[in-house]
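Read the structure below first, then the notes.
The values are calculated or read from the model by the stated rules, or taken from the named source; none is laboratory data. Values in this document were obtained by computation on a predicted structure and should not be read as measured data. FYI the Cβ positions are ideal-geometry reconstructions off the backbone, even for glycines, and counts take in every protein chain you see.
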Amino acid sequence: MSFMKKMMARVGVGSSEVDTILNRNVLVPGETVDGVIKIRAGSVEQTIEKIDLSLHTTYVQKKDDSKVTKSVQIAQHTVANQFTLQPNDKREFPFAFILPLDAPISKGKSNVWLQTGLDIKNAVDPQDKDMIQVAPHPYINAFLQAVDGLGFKLREVENEEAHGFGRLPFIQEFEFHATHGAFRSRLDELEAVFQPVSKDNIRVILEIDRKARGFSGFLSEMLETDESKVQFMLTTDDVNEIQRQLTDVLNQYA
């Protein structure tokens, strides 16, 4: 093995290549992320310290009057530990791990991706990036349909920095605007955050923003007393049942 080949491999020329193939790229939190990692060796022998898979997303951090987008790792899985690749070797490594229940849904500005990394000492680490479409849990999907049926349209979905709500440094906030129906004249908007307690129980934290009426309403808006926070549990994917539950909650605060 020539000295020049070794040096070139250290900067990525003639080094190993990695490609991750997902069996499915549309998943619901709690389902299994599985597939195979394909590695093609380069022109020199290389020792791979380990193969890691990590799941990432981004969130918004608000500082003064500006917004900063930060990336965060939400899951990590080691597929293989140290092994050696001979020149032109081809290896495959199957993998499987559970998509975390608190993985953000792929809506609005929320993106989730799988990063594959080979750890090679004294060399550029080969990487691969694959987008994952995180679909809503059936209960959350039913909630979104129920809200739509009550005349609220989804306006924005954003991962915002928040601490104390779980293991991640952000919450995923769903913002709805009243466009028609019985609540249009009574409520301005709804903001919802979903917290999975288990696969069969999801907590909804709802912020209800009432419409300002007259001068007293204007003062309430200035003092932010026109907003109410309430939480309840989702335990079904029955849209009609959730709509009844939601109507009862909104009528208490509208």
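Details
- Some residue of region 216-235 being at pLDDT below 90, assigned to a strand (DSSP E or B) and more than 28 Å from the chain's Cα centre (by Cα): no
- Only one of the numbered conditions (1) crowded, with 16+ Cβ neighbours inside 10 Å; (2) modelled with pLDDT of 95 or more; (3) in the same structural domain as Tyr59 (by TED's automatic domain parsing) is violated by Phe194, and that is (3).
- Top-ranked residue of region 38-51 - restricted to ones that are of a type outside the set (Gly, Ala, Ser) and surrounded by 17 or more Cβ atoms within 10 Å (Cβ to Cβ), ranked as farthest from Glu173 (Cα to Cα): Val44
- Looking only at region 15-59, and only at residues there that are in contact (Cβ under 8 Å) with a residue 60 or more places away in the chain and of a type in the set (Gly, Ala, Ser), the one that is farthest from Ser198 (Cα to Cα): Ser15
- Set side by side, the residues Lys129, Lys107, Lys62 differ, and just one is free of Cβ contacts under 8 Å to residues at least 40 places away in the same chain, of a type in the set (Lys, Arg) and in contact with a strand residue (DSSP E or B) (Cβ under 8 Å, 6 or more places away or on another chain), which is Lys129.
- Going through (1) at pLDDT 75 or above; (2) surrounded by 13 or more Cβ atoms within 10 Å (Cβ to Cβ) one by one, Asn240 falls short only on (2).
- Some residue of region 127-143 being acidic (Asp, Glu) and at pLDDT 95 or above: yes
- Sole exception among (1) in contact (Cβ under 8 Å) with a residue 40 or more places away in the chain; (2) part of a strand (DSSP E or B); (3) surrounded by fewer than 16 Cβ atoms within 10 Å (Cβ to Cβ) for Gln73, by number: (1)
- Failed item in (1) of a type in the set (Gly, Ala, Ser); (2) surrounded by fewer than 16 Cβ atoms within 10 Å (Cβ to Cβ); (3) not in a strand (DSSP E or B), with Ala96 passing the rest: (3)
- Meets criteria (modelled with pLDDT of 95 or more and either farther than 30 Å from His163 by Cβ or small (Gly, Ala, Ser) (or both)) for Ile37: yes
- Residue selected from region 108-133 under the condition among the basic types (Lys, Arg) and not in a strand (DSSP E or B), by the criterion surrounded by the fewest Cβ atoms within 10 Å (Cβ to Cβ): Lys121
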